[in-house]
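Below is one structure; the comments refer to it alone.
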Amino acid sequence: MPMDIDLARIGAFTSEFGDAAALHRGLSHWNHRRLAPAVPSADWTAHLNTDFRMLRLEGAFIEAFRARVAPLVAAVPSDPAGFVAWFEGLKDSGPGQGDPLFPWLAADASLEDLRWFLTQEAAGEAGFDDLVALTQVKLPARPKLELARNYWDEMGRGHPGGMHGPMLDRTIQALALDPSIDATVWPSLCLANTLTAFATTRRYVYQSIGALGVVELTSPTRVGHVAEGLKRLGQPPEARKYFALHAHLDVEHSHSWNAEALVPLVEADPDCASHIAEGALMRLICGVQCFEAYRAHLWERREVYAAE
């Protein structure tokens, strides 16, 4: 049975943070700047002051989000077998599963609709490969090896043509997309900001493991629908390859992640199960907010066209 989640209470946190769009655009621009390769500069202390202010804002946002998710993880099993069963159940009962947006993208969306959707997704893309690399720092050997294997797949196993990030870039180029932070709906930015906060902050390492694991668990169906939509609209294999690959590969990744990352971590520290669960649910809730925003834009536009 799907989880009963009050998104009005969990979503934007407007009472604490005011304008959600301004919050997440600010965090997105900051993340873009702080994670980009750079060289020493004379104004490094000014950057530190900015980082301190933004870290406090980021932390306050994540903690407010955690507080709203806490009731949902209060009864999560803390034994490895029970926890993995709960976690794998998110594929069917987790927030956002079976959203009608994706079958619609596969069967009915126009190329313009898919281009808008993919522009939003590309602008909010946090980079799964980099998130995995950041998360694995100082993990125990068995989970670390699993994240390393996952990262190696993301890197195309050493072959530039198989690297997943550049593969997505080629989709963006093939479809002539122009993603930008300021033209993106805030829920997509919120998703990327949440995952980035998890991966770059060691106190959220278990949340990051849960969030990344639930992506592997739940994404194959969604990306498969996107691949179907692109194929239906006559897009070349190069434009579809990223989505077709993940529709199959993430199933294998999910089984390995659960067995080799989740099980040993919960065996070593049963208390971490609730933190892993938090991260998974927070990632899924961010997805729900995206799907609602995407449907509101795409389906309202279709209704306007139909009325004309």
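What follows is calculated from the coordinates using simple rules that are stated; it is not laboratory data. Note that this is a predicted model, so its numbers are computed, not measured. Here the Cβ is made from the backbone with ideal geometry for all residues, glycine too, and neighbour counts use every protein chain on show.
The table for this structure:
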quantity	calculated
Separation between Cα centres of region 126-205 and region 236-303, rounded to whole Å	12
Dipole of the chain, positive end: most advanced residue of Gly156, Leu101, Thr184 [Cβ charges, Cα centre]	Gly156
Distance cut-off 19 Å, percentage of C-alpha pairs in region 76-220 lying past it	62
Hull shadow area, averaged, region 15-307 [alpha-carbon convex hull, nm²]	16.4
Sorted by Cβ neighbour density within 10 Å, fewest at the top, the residues Trp257, Trp152	Trp152, Trp257
The chain - percent relative contact order, Cα under 8 Å, separation 6 or more	29
3J(HN,Hα) from dihedral phi, region 92-97, Karplus parametrisation 6.51/-1.76/1.60, rounded to Hz, x for glycine, proline	9, 10, x, x, x, 6
Top of Arg240, Arg222, Arg33 by mean-square fluctuation, Gaussian network on the chain, Cα under 10 Å	Arg33
Cα→Cβ-extended label distance, 7 Å offset, between Leu111 and Thr201, nm	4.3
Lys, Arg +1 and Asp, Glu -1 on Cβ, resulting dipole of the chain about Cα centre, debye, nearest 20	500
Cα convex hull volume per residue for region 148-293 (Å³)	121
Difference of contour (0.36 nm per residue) and Cα-Cα distance, Glu252 to Leu35	75.2 nm
Normalised contact order of region 134-198, rounded percent, pairs of Cα under 8 Å and 6 or more residues apart	12
Nearest-0.05 FRET efficiency for Asp51 and Ala176, computed from C-beta distance (R0 41 Å)	0.70
Shape call, region 30-140: gyration tensor on alpha carbons, a/c limit 1.5	oblate
Span per principal axis, largest first, for the Cα atoms of region 101-169 (Å)	46, 24, 20
